[in-house]
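Each reported figure results from applying straightforward, stated rules to the coordinates on display, with no laboratory input. Predicted, not measured: the structure shown is a model, and the values here were computed from it. Glycine gets a Cβ as well: all are built from the backbone with ideal geometry, and neighbour counts include every protein chain shown.
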Amino acid sequence: MSTSYEARMRYSINENTSVSNKSEMRILESMTDNAVVQTGETGVPAETGETFQELLEASDLSEDSLAIIQRIVGDSLDTVRNSLHRPLVPVIQGHYELLVTLAQSWVAMGVEAFTIWDDGLLFCWPQPMWSKVEESEKKIRWSPIKIEKQVVGKIGIIGSDTLSCSALPARMAAESALLAKLVTLTNDLANAQCELVSRERLKMEMDVAASIQSRLLSQTFSHVRGLDIFARSLPARQVGGDFYCLHAREQRPFVFAAGDVSGKGLPAALLMAMTRIVLDGAARFMPDVHPKALLNRVNEDLYDDFTELGMFVTIFTGCYDPDNRQLSYANAGHAPVIYCPAGGAATLLEADGPAAGVLPFNLCENFTLSFQPGDILVVATDGFNEAAHASGEMFGYERLLTLVEKLAHLSAESIATWVYEQVQQFTDGCEQSDDQTLVILKGVKG
């Protein structure tokens with residue numbers, strides 16, 4: 001695009017702005033990024049290197065003059081802002097050479113100039129006709145450019161008197177319609193590009209979030225005397241609301257927890273991270289750590305947040321004392337939790353209180369199990385029992401209980417592997433609809 005055309009375009013944006021004296025003109029020019037302000041047949045270049053404040057100090061302006069200037073500057077800036085939403089401007093800037101070719105075909109037919117307008121003159125060919133065209137608006141033959149029945153501009157030709165008038169209206173109407181299509185296409189492409197950039201940015205952010213969550217949940221399983229431990233979480237989306245915590249410290253009981261935040265995706269993942277932080281802190285620093293106390297802390301710290309968002313979290317917490325092989329637990333609305341004693345039948349450990357975040361206080365109590373070699377505890381999330389076949393049939397609790405009994409002779413990791421595989425085979429390729437998390441403890445000698 002030529003420099004003179006850019007100057008014309010910049011002027012057309014500000015053409016309705018009046019300036020009353022040289023000082024005001026200098027101020028306006030400094031505020032419009034060294035634009036060329038059209039004055040008759042010539043352009044006056046804006047002076048550079050002067051700030052707005054310097055111009056004011058250098059001018060002997062009265063208070064009334066300053067008020068007028070401020071209004072003019074405000075109007076000018078408003079006009080510039082409005083120009084950003086003029087749909088014909090990007091079309092002319094992006095297809096200038098093609099429009100020149102179109103205009104040249106009109107000139108070859110005998111017209112003096114071909115023009116495109118919105119509130120002002122945006123395009124003129126031949127360029128030397130710009131000033132003459134502006135002075136001869138009444139002599140121009142018009143055809144409106146409409147998008148969804150709204151006029152966004154018009155094309156005009158000057159000097160059509162010598163042409164046959166029969167074909168002019170049809171040709172001008174066709175070209176107006178094509179320009180309207182071009183405007184729509186340009187806008188659609190710009191919107192699509194913005195959408196693509198936004199989606200790519202969101203994908204990158206979600207990938208980072210998924211990586212962080214994966215690292216949080218891919219702990220190295222510390223050796224705990226008398227236990228074989230394995231845990232795994234498989235989100236249905238890039239990130240999810242399931243979590244688990246494992247804390248093994250000397251002179252303290254082994255603390256573990258698993259939970260499921262209501263909902264899916266990023267909101268659930270954020271609340272999952274908050275819940276996990278609270279549990280981690282309590283497990284590390286609480287002087288007398290036990291399952292009920294952990295649930296009390298979660299509810300005290302996060303009740304307001306869950307209530308405000310209309311969400312909640314089911315949590316199963318446990319503490320294992322290797323000296324006496326005692327496992328204490330508390331269950332806030334979490335299922336399924338399966339206990340399978342060595343050589344015995346698998347049963348569900350049901351919750352005795354609602355999920356955290358439902359009430360402002362915790363109703364759960366501590367329960368104790370003797371956890372001997374061969375005993376198994378499986379803390380799962382409902383992504384397993386609610387996993388569904390295409391027919392709508394769910395895997396269910398009974399299949400899980402039977403499966404755990406059959407796998408009881410295996411290691412904790414092998415049990416987890418088989419549970420995931422069996423549920424996947426049952427769904428027969430159906431998309432995973434919910435997060436699936438397992439924490440498995442198996443009593444061993446030691």
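Note that the range 88-192 carries a Kirkwood radius of 14.0 Å, evaluated over its alpha carbons pair by pair. Annotation: the residues Val152, Val261, Val378, sorted from fewest to most other C-beta atoms within 10 Å of their own C-beta, follow the order Val152, Val378, Val261.
At 7 Å along the Cα-to-beta-carbon direction for both Glu97 and Ala170, put a label point, then send me their distance in nm to one decimal. Output for this residue pair reads 3.2 nm. Considered as an equivalent ellipsoid built on the Cα gyration tensor, the range 219-443 has semi-axes of 25, 23, 15 Å, the largest given first. For the range 273-290, the Karplus equation 6.51 cos²θ - 1.76 cosθ + 1.60, evaluated at θ = phi - 60°, returns couplings of 5, 4, 5, 5, 4, 4, 5, 4, x, 5, 5, 7, 10, 5, x, 10, 7, 8 Hz by residue, with Gly and Pro reported as x. Between Ser391 and Tyr420, the simple label model (points 7 Å from Cα in the Cβ direction) yields a spacing of 2.8 nm.
Between the beta carbons of Glu148 and Ser198, assuming R0 = 35 Å, the FRET efficiency works out to 0.90 to the nearest 0.05.
By the beta-carbon count within 10 Å of each Cβ, the least crowded to most crowded order of Ser391, Ser233, Ser105, fewest first, is Ser391, Ser105, Ser233. Our coupling estimate for the range 95-107, obtained by passing each phi through the Karplus curve with A = 6.51, B = -1.76, C = 1.60 and θ = phi - 60°, is 10, 4, 5, 5, 5, 4, 4, 4, 5, 4, 5, 5, 4 Hz, Gly and Pro reported as x.
Which of the chymotrypsin sites (Phe, Trp or Tyr not before Pro) found in the range 228-303 are in a DSSP loop and have at most 10 neighbouring Cβ atoms, other than their own, within 10 Å? For chymotrypsin sites (Phe, Trp or Tyr not before Pro) across the range 228-303 that sit outside H, G, I, E and B with at most 10 neighbouring Cβ atoms in 10 Å, the list is empty.
When only the Cβ of Lys, Arg, Asp and Glu is charged (+1, +1, -1, -1), the dipole of the range 283-384 relative to its Cα centre reaches about 280 debye.
Cβ crowding within 10 Å ranks Lys149, Lys445, Lys132, Lys292 as Lys149, Lys445, Lys132, Lys292, fewest other Cβ atoms first. Measuring from a point 7 Å past the Cα of Gln372 along Cα-to-C-beta, which residues in the range 308-331 have an amide N at less than 14 Å? Residues passing the 14 Å test: 325-327. Across the range 315-332, the residues whose backbone nitrogen lies under 20 Å from the label position 7 Å along the beta-carbon direction of Glu250 are 320-324.
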